[in-house]
4 protein chains.
Amino acid sequence: MPRRTYRLLIDCPDRPGIIAATTGFVRDHAGNILEADQHSDPNVGRFAMRLEIDPEGFELDESSFAGAWRAIADEYDMTWALRSGEAPRRVAIFVGPETHCVSDLLWRVRTGELDADVAMVVSNHDGARASAEPLGFPFVHAPVTPETKGDQEQQVLELLDGAGVELVVLARYMQILSPAFVAHYPSRIINIHHSFLPAFAGARPYHQAFERGVKLIGATSHYVSAELDDGPIIAQDTAAVTHRDRIEDLVRKGRDLERTVLARAVRLHVEDRIIVRGRRTVVFE
Amino acid sequence: MPRRTYRLLIDCPDRPGIIAATTGFVRDHAGNILEADQHSDPNVGRFAMRLEIDPEGFELDESSFAGAWRAIADEYDMTWALRSGEAPRRVAIFVGPETHCVSDLLWRVRTGELDADVAMVVSNHDGARASAEPLGFPFVHAPVTPETKGDQEQQVLELLDGAGVELVVLARYMQILSPAFVAHYPSRIINIHHSFLPAFAGARPYHQAFERGVKLIGATSHYVSAELDDGPIIAQDTAAVTHRDRIEDLVRKGRDLERTVLARAVRLHVEDRIIVRGRRTVVFE
Amino acid sequence: MPRRTYRLLIDCPDRPGIIAATTGFVRDHAGNILEADQHSDPNVGRFAMRLEIDPEGFELDESSFAGAWRAIADEYDMTWALRSGEAPRRVAIFVGPETHCVSDLLWRVRTGELDADVAMVVSNHDGARASAEPLGFPFVHAPVTPETKGDQEQQVLELLDGAGVELVVLARYMQILSPAFVAHYPSRIINIHHSFLPAFAGARPYHQAFERGVKLIGATSHYVSAELDDGPIIAQDTAAVTHRDRIEDLVRKGRDLERTVLARAVRLHVEDRIIVRGRRTVVFE
Amino acid sequence: MPRRTYRLLIDCPDRPGIIAATTGFVRDHAGNILEADQHSDPNVGRFAMRLEIDPEGFELDESSFAGAWRAIADEYDMTWALRSGEAPRRVAIFVGPETHCVSDLLWRVRTGELDADVAMVVSNHDGARASAEPLGFPFVHAPVTPETKGDQEQQVLELLDGAGVELVVLARYMQILSPAFVAHYPSRIINIHHSFLPAFAGARPYHQAFERGVKLIGATSHYVSAELDDGPIIAQDTAAVTHRDRIEDLVRKGRDLERTVLARAVRLHVEDRIIVRGRRTVVFE
């Protein structure tokens, strides 16, 4: 079972005393720090911190925290977020014809490895229904054509809003979301791209990799931004290939990469371990 | 000590009977096959093979082989090469201000791990002399400016020709060779690029990688072709990095990648394990 | 879809002419070799070969092959096997309370990635039924106690024989099979052990790994032999861990290793890519 | 160039307020924390922390620190150490007939990648002299026989003491140090063992690995303790091998593992990133 904890994420200009001020604040409100992680980036002069605080005995809760915390946050010019892990993240998983990633995610959710509450699985392919409904997850068939794309996205957005979805996971969705849709979930849409980005962005990356004759294939999980395949990277991995591997072998080997890399990125997000800074991520693992 | 063997490399259209014809030929001339490796590529309809033949008892040598072999080679429309491993490859190593790759290669040559005869180490930086001469390897200081580049290359080419150099290794040379120079050594110049190509081709790949926020860095060893950083890839590897790694950490971690990847590519070449097909390589490892 | 091919596996004393004789035989019977792989082991003086032959046009089939082949097999003192890939392997998967490996295997079978015909899933835990039956795979609940073990094994063996099972996969079965059961399936029972064998053989390997403070965990897939966790190894992999990883984190990270390593071993077996030699395996990959 | 910083290592029972007390102390003495890392281990109920403090402006130095710090250290029952990185560690490297590890370490020292001051290279093989003296490192030839072992160790110990050596690195020394010698440098002797410990402890691990038919080889760097190959592990890595790899190939592939794993362990030690707890290490990387 995942731990029920408060997670405090801080991003601010780097200067002396931040850790002392923050951890002193927690102590003064009877909080016990279970995990702490910091990062000073001299290149940009910024400081980042993640605290995991035991709710047991802590005198503040999500609503009272902001008021008590304001003085320190202002003094150090912090961007910050406190999240209680009491309720798991509400997640929607979008999927296309390939279901290995969604199957893997749902398996991890069911075993408790991934602390997420899957509100729905959405697909433009009705065939994906079989990967969700028999396991007890709601499925939404949302067919799309170039003509209906705007309407489809609007309807899906309403469904997501209605269900309180906080995170959208594109588990090989194969549709490009409109800028409006993306803007609705800033740093809250995670995609898996089946290459080691920035190599082989765009369509058919395994074909591109085969043509180029690379000796490794890769997978990249990243937040979706306005620019295609260009959002902040969360996790990547590679696997060796040889001249013997045909394109279908790259696809087969790639599936194992894709599902582990995507699952890792989603886990990092739902455990509040990621701070986004421009095109880079700070990942407290 | 490396084995002294004949290595036969074959590339031809794929059709039945090639292996039987070739291995039958070897048997009929009292040859013993020590290692055999084949590859049929259905995508391009071509067949590749590498045979390693024990010189002990084999009735043919490098000069008599071609005459005896012609009938089969013609029948199957083969591109082929036979090389005796009796004399190690004559190699020139080009190096810039960073000497980790050349030091690593020379160490492997001295221990016998790399079966090469280093004719000379060439650098436009006289500081590289200290990595070669104390270990007994000839060093050539060949300074270069934009104005003198043509002349410098011409002089170096003459030195290489005079020394019977068969393979040029660019061990972080940091100079772009002219098309004329490259054409002089087709598929016989090996470069190490400090990124996972095709990502981050060109200058300052670690800076590019840092800016993009990737979670892995890479190194790529490839044959040099007319197009910069676009030649056939021989070997690649990656290593994990995090937000904690500054550019200098990427450089440090990258050095270990670069030297192992380059050493691997050079070893594959001097052991006659590579067939080049357009932008792809068949590597019999 | 997997290729329907003949796979010929040969193991014999090493001497000149084997490849020529074998490939000449195939050619003389109008066979086209799709894939060929050889290995000479100078340490033991033995030669191993795998040929994949296109059934299209080949004049021999499984029944006529042995008669035609006998002369060569005898001349070279070969141990050999020919298998038509026309019918996929009949496989039984044994599983205990942990279902990640069986789920992964069944998923790969359903997508066609693993060319196997799952005759049944067997478990001493009825809870495993949910991982098999909803996907259309027969499930056998075979409870076991120390007292009933002999009987249970006997009943299961009869079921396996009746179903024509050729390969037993222990997908985290957690029961030690009797020597009699093991002897019934020589080199045809594949186990996954959740450590890098020979380290941490026996019970609770993640606990052992934690106590020892290793910095990598591993998984090993091997054929089951009379000696516990000592059979010939087929595939292994490792993953990095740190002091931050609690035992439950080792278990979580280990699950991903276990399922990919086991799936790889099963794939190699059903594609007839493995020759067993004492405690070692030759794996033509 | 390595950063000149104070490194504070703390190990104590886990309870609320430690981070606040410690970082508050640093702030109150005008110190700026450059890097901070913590670890709470619920299994053993202990807390570990590493702080890197900018010497610029910090009001305490190594001699005045202890007095000011005592109150907090006592309150939380801390085991602690403060070390100024002003002077690099004094290191002795012991080596046997194989010189790849010592060559690699000395190369990293010369390039500044490894912040160490090599007081001497010690070997029972005079042939190792060539790996040290030409590069300007003092070499001590200390031949040893079973009869002279006690005397040899005594003489070497006196040399080390005289030279102020703080860390002994066994870079493939191949001699077992006596318990008395080991006791002289508790957690200050680092060894590289050429296997993935605890597999293949003792002599000739590559031969053992070959016999067992493993599909990965490994290397392990650990502190030397009274029990052979059983000390706390600092770093490990593995590399894939196949049936094609003869013992000499394992040795060749292993060399690359050994030198990177040992270099990593030594770097972690000289940067004061390791806390030893029984047979486990906390490594703040």
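The values are calculated or read from the model by the stated rules, or taken from the named source; none is laboratory data. Keep in mind it's a predicted model, so treat the numbers as computed, not measured. Every residue, glycine among them, receives a Cβ derived from its backbone with ideal geometry; neighbour counts consider all protein chains shown. Calculation scope for accessible area: heavy atoms of the full protein, side chains included, ligands and nucleic acids excluded. Shrake-Rupley method; radii C 1.70, N 1.55, O 1.52, S 1.80 Å.
Accessible surface computed residue by residue for the range B:6-84, with neighbouring protein chains in place and a 1.4 Å probe, gives 41 Å² per residue. Across the range B:163-177, computed HN-Hα scalar couplings (Karplus, 6.51 cos²θ - 1.76 cosθ + 1.60, θ = phi - 60°) run 8, x, 6, 10, 9, 10, 10, 8, 9, 6, 6, 6, 10, 8, 6 Hz from first to last residue, x flagging Gly and Pro. Inter-copy label distances at residue D:136, using a point 7 Å along Cα-to-Cβ, come to 2.4, 6.9, 7.3 nm with the shortest given first.
Bridges between two residues of the protein assembly as shown, per DSSP, are antiparallel at a rate of about 70%.
Between 0 and 90 degrees, the angle of helix C:100-110 with respect to the longest Cα principal axis of chain C falls at about 40 degrees.
List the relative contact order of the range C:145-282 as a percent without decimals, with contacts defined as Cα pairs under 8 Å and 6+ residues apart. Relative CO of the range C:145-282 lands at 21 percent. Extent along the principal axes, Cα only, for the range C:179-255: 44, 19, 17 Å, with the longest axis given first. Going through the cross-link list C:253/D:253; A:253/D:253; A:215/B:149, which pairs have a Cα-Cα distance over 30 Å in this structure? Listed pairs above 30 Å: A:215/B:149. For residue A:139, the residues 5 or more places off, or on other chains, whose built amide H falls under 5 Å of its own are A:121.
Between residue A:242 and residue D:212, the distance separating the two model label sites (each 7 Å from Cα on the Cα→Cβ line) works out to 2.5 nm. A Stokes-Einstein calculation at 25 °C with viscosity 0.890 mPa s, built on the Kirkwood radius of the range B:212-285 over Cα pairs, returns a diffusion coefficient of 183 µm²/s. Each Cα pair under 8 Å and six or more residues apart adds its sequence gap; the mean of these over the residue count of chain D is a relative contact order of 15 percent. Taking chain C as a Gaussian network of alpha-carbon nodes connected by springs under 10 Å, the highest mean-square fluctuation of the residues C:176, C:93, C:217 belongs to C:176. With label points set 7 Å from Cα along Cα→Cβ, the inter-copy distances at residue D:207 are 3.6, 5.3, 5.5 nm, sorted shortest first. Carbon and sulfur atoms: what percent of the 1.4 Å accessible area of the protein assembly as shown do they account for? Reported share for carbon and sulfur atoms: 50 percent. Using Cα-only point scatterers and the Debye equation, what is log10 of I(q)/I(0) for the range C:6-84 at each q in 0.14, 0.15, 0.16 Å⁻¹, rounded to two decimals? Summing over Cα pairs of the range C:6-84 leads to -0.41, -0.47, -0.54.
With the highest mean first, a sort of the peptides A:233-244, D:96-107, C:59-70 on other beta-carbon atoms found within 10 angstrom per residue produces D:96-107, A:233-244, C:59-70.
In the range A:110-155, the residues whose accessible area drops by at least 20 square angstrom when the other protein chains are added to the isolated chain are A:113; the probe is 1.4 Å and only protein heavy atoms count. Think of a 1.4 Å ball rolled over the protein heavy atoms: the range C:89-283 then has 35 Å² of accessible area per residue. Can you classify the range C:70-190 as rounded, prolate or oblate using the Cα gyration tensor, where a ≥ b ≥ c are the square roots of its eigenvalues, rounded means a/c under 1.5, and otherwise it's prolate if a/b beats b/c and oblate if not? Verdict is oblate for the range C:70-190. Panel note: contact residues of the range C:175-216 (accessible area lowered by at least 50 Å² against the chain on its own; 1.4 Å probe) correspond to C:196, C:198, C:210, C:212, C:215, C:216.
In chain A, helices alone account for a calculated mean residue ellipticity at 222 nm of -9500 deg cm²/dmol, with every DSSP H run of four or more residues adding -39,500 (n - 2.57). In order along the range D:19-25, the phi-based Karplus estimate (6.51 cos²θ - 1.76 cosθ + 1.60, θ = phi - 60°) of 3J(HN,Hα) comes to 5, 4, 4, 6, 6, x, 4 Hz; Gly and Pro are listed as x.
Measuring between their Cα centroids, the range A:183-249 and the range D:19-87 lie 43 Å from each other. Counting only other chain Cβ atoms within 10 Å of each residue's Cβ, the peptide A:252-260 averages 2. From the Kirkwood radius over Cα pairs of the protein assembly as shown, Stokes-Einstein at 37 °C and 0.692 mPa s returns a whole-number translational diffusion coefficient of 101 µm²/s. Taking a quarter of the surface of the Cα convex hull of the range C:89-283 gives a mean projected area of 10.6 nm². Taking both sides together, the accessible area buried where A meets D is about 1100 Å² for a 1.4 Å probe. A label point on residue C:155, set 7 Å along the Cα-to-Cβ line, lies at 5.2, 7.5, 9.0 nm from each of its counterparts in the other copies, closest listed first.
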